[in-house]
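Everything on this sheet refers to the single structure shown next.
The values are calculated or read from the model by the stated rules, or taken from the named source; none is laboratory data. None of these values were measured; they are calculated from a predicted model. Cβ placement follows ideal geometry from the backbone for every residue including glycine, while neighbour counts extend to all protein chains displayed. The protein model used for the area step is the full one, side chains on, heavy atoms only, and it has no ligands, DNA or RNA in it. Shrake-Rupley method; radii C 1.70, N 1.55, O 1.52, S 1.80 Å.
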Amino acid sequence: MKKSERIKKALEMELREHRSSFIVYMVLRALVIICMVLQILNRNYENVFLCILTLFLLVVPSLIQLQLKIELPTTLEIIILLFIFAAEILGEIQEYYIKIANWDMILHTLNGFLMAAIGFSLVDILNREEKLKFELSPAFMSVVAFSFSMTVGVLWEFFEYTMDSFFGFDMQKDTIIHTISSVMLDPNGGNVPTTIKGITDVAVNGQSLGLGGYLDIGLHDTMEDLFVNFIGAVIFAIIGYFYMKKKGQGKVAARFIPTLKKKERDFLKIVEESELDKEQVKIEETKKEQKSE
């Protein structure tokens, strides 16, 4: 069996490992395929690409478990799958980012929580390796988890800014505000901020934008995203702190913290060993046939 075939077989086993997460995966996969067919019929090929990307992303959690030999708790895996669907299909294609005011904030808060859990687990997994083992305080683990989450959040905002600046996207959604303060408005050209309140309209090249206020280009969106990411990271940092205090006995935290795979759940190795057993059987059968001749 080729390596790609072994990985495919092991991936199928990985996907089916947890019944509840497998059901969620299959339901979401079916919804994405239906959405993709509709987008093809509407000739909206950009959304077709998003559907294909989503189908790939839905497999990524299982692929990561397979290749990195880590175990994602069922609760965490389901949330990740729902997060991917909510961000790509509901957020982008169904335009929930526009239709539902706090949709982006909800996802960024959840992302902050999930990334803190992953950051926490990375240190916890490394600390279980005998060669790298060292004593870590609960406070230190919480700080690392929080810092990892915020770093991922900042890198994502860098990505959004890059896409907006160089490719003309609007990932950093704009905000309508009615008050601005800027030193550039100082009539004396100094460093004194001048405030304009009650802005109800803005004109560009003599033409009203008709937005009912001043158009902020991405700044408020970015800061809100980072702030809710901060909240999500802090929540998990607190949960992780008490998880470490209780020597890993916390039931809530355990639902979100990936762990090292047990040998009996290493499906790639199981498939490889199965192939070796089959090869050994063939060799033994060949030897018997040769002796009988």
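Condition test on residue 151, is it open to solvent by 70 Å² or more (accessible area, probe 1.4 Å) and within 18 Å of the chain's Cα centre (by Cα)? Please lay out each step first, then the result.
On the way: open to solvent by 70 Å² or more (accessible area, probe 1.4 Å): yes; within 18 Å of the chain's Cα centre (by Cα): yes.
So residue 151 fits the description; yes.
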Task: Tally of residues being more than 20 Å from residue 176 (Cβ to Cβ) and small (Gly, Ala, Ser) across the stretch 186-205 - done: 2
- [ ] Would you point out the residue of the stretch 26-58, among those that are touching a residue at least 40 places away in the same chain (Cβ under 8 Å) and crowded, with 18+ Cβ neighbours inside 10 Å, that is nearest to residue 262 (Cα to Cα)?
- [x] 28
Task: Failed criterion for residue 236 (all others in (1) closer than 18 Å to residue 119 by Cα; (2) over 24 Å from the mean Cα position of the chain (by Cα); (3) not small (Gly, Ala, Ser) hold) - done: (2)
Open item on the list: Being among the aliphatic types (A, V, I, L, M) and touching a residue at least 60 places away in the same chain (Cβ under 8 Å) is the filter here; which residues of the stretch 60-78 pass it?
Closed with: 66, 70, 72, 76
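Within the stretch 1-25, which residues are under 24 Å from residue 90 (Cα atoms) and either open to solvent by less than 30 Å² (accessible area, probe 1.4 Å) or not hydroxyl-bearing (Ser, Thr, Tyr) (or both)? Please lay out each step first, then the result.
The initial filter retains those residues of the stretch 1-25 that are under 24 Å from residue 90 (Cα atoms), namely 15, 20-25.
Passing the criteria: 15, 21, 22, 23, 24, 25.
What number of residues in the stretch 220-239 are touching a residue at least 40 places away in the same chain (Cβ under 8 Å) and either open to solvent by 60 Å² or more (accessible area, probe 1.4 Å) or not in a helix (DSSP H, G or I) (or both)?
From the stretch 220-239, those touching a residue at least 40 places away in the same chain (Cβ under 8 Å) are 220-222, 224-226, 228-238; that's our starting set.
Going one step further and asking which of them are either open to solvent by 60 Å² or more (accessible area, probe 1.4 Å) or not in a helix (DSSP H, G or I) (or both), we end up with 220, 224, 230-231, 235, 238.
Total meeting the criteria: 6.
Quick one: which of 137, 121 is surrounded by 12 or more Cβ atoms within 10 Å (Cβ to Cβ) and at pLDDT below 90? Outline the logic, then answer.
Values: 137 fails: surrounded by 12 or more Cβ atoms within 10 Å (Cβ to Cβ).
Unique residue meeting the criteria: 121.
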TODO: Select, from 90, 82, the only residue that is under 25 Å from residue 119 (Cβ atoms), among the hydrophobic types (A, V, I, L, M, F, W, C) and part of a helix (DSSP H, G or I).
DONE: 82
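Any idea which residue in the stretch 66-103 is most open to solvent (accessible area, probe 1.4 Å), counting only those that are in contact with an Asp or Glu (Cβ under 7 Å, 6 or more places away or on another chain) and not hydrophobic (A, V, I, L, M, F, W, C)?
Going through the stretch 66-103, the residues in contact with an Asp or Glu (Cβ under 7 Å, 6 or more places away or on another chain) turn out to be 66, 69, 97.
Next cut, not hydrophobic (A, V, I, L, M, F, W, C) only: 69, 97.
On the way: 69: 84, 97: 53 Å².
For the stretch 66-103, the residue satisfying everything is 69.
Can you spot a residue in the stretch 126-145 that is touching a strand residue (DSSP E or B) at 6+ places or on another chain (Cβ under 8 Å), among the basic types (Lys, Arg), at positive phi and not in a helix (DSSP H, G or I)?
Taking the stretch 126-145 as the starting set, the residues that turn out to be touching a strand residue (DSSP E or B) at 6+ places or on another chain (Cβ under 8 Å) are 128.
Checking the rest, the ones that are also among the basic types (Lys, Arg) come to 128.
Within this subset, residues satisfying the condition of being at positive phi are none.
No: zero hits.
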Open item on the list: Just the residues that are surrounded by fewer than 16 Cβ atoms within 10 Å (Cβ to Cβ) and part of a loop (DSSP other than H, G, I, E, B), please, taken from the stretch 240-263.
Closed with: 246, 247, 248, 249, 255, 262
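Please indicate, with yes or no, whether at least one residue in the stretch 64-84 is over 19 Å from the mean Cα position of the chain (by Cα) and either within 29 Å of residue 17 (Cβ to Cβ) or of a type outside the set (Gly, Ala, Ser) (or both).
No; the residues of the stretch 64-84 include none that is over 19 Å from the mean Cα position of the chain (by Cα) and either within 29 Å of residue 17 (Cβ to Cβ) or of a type outside the set (Gly, Ala, Ser) (or both).
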Task: Those residues of the stretch 161-211 which are more than 35 Å from the chain's Cα centre (by Cα) and either open to solvent by less than 50 Å² (accessible area, probe 1.4 Å) or basic (Lys, Arg) (or both), in sequence order - done: 182, 186, 190, 194, 197, 199, 202
Open item on the list: Of the conditions (1) modelled with pLDDT of 95 or more; (2) open to solvent by 30 Å² or more (accessible area, probe 1.4 Å); (3) over 19 Å from residue 153 (Cα atoms), residue 109 satisfies every one except a single condition; which number is it?
Closed with: (3)
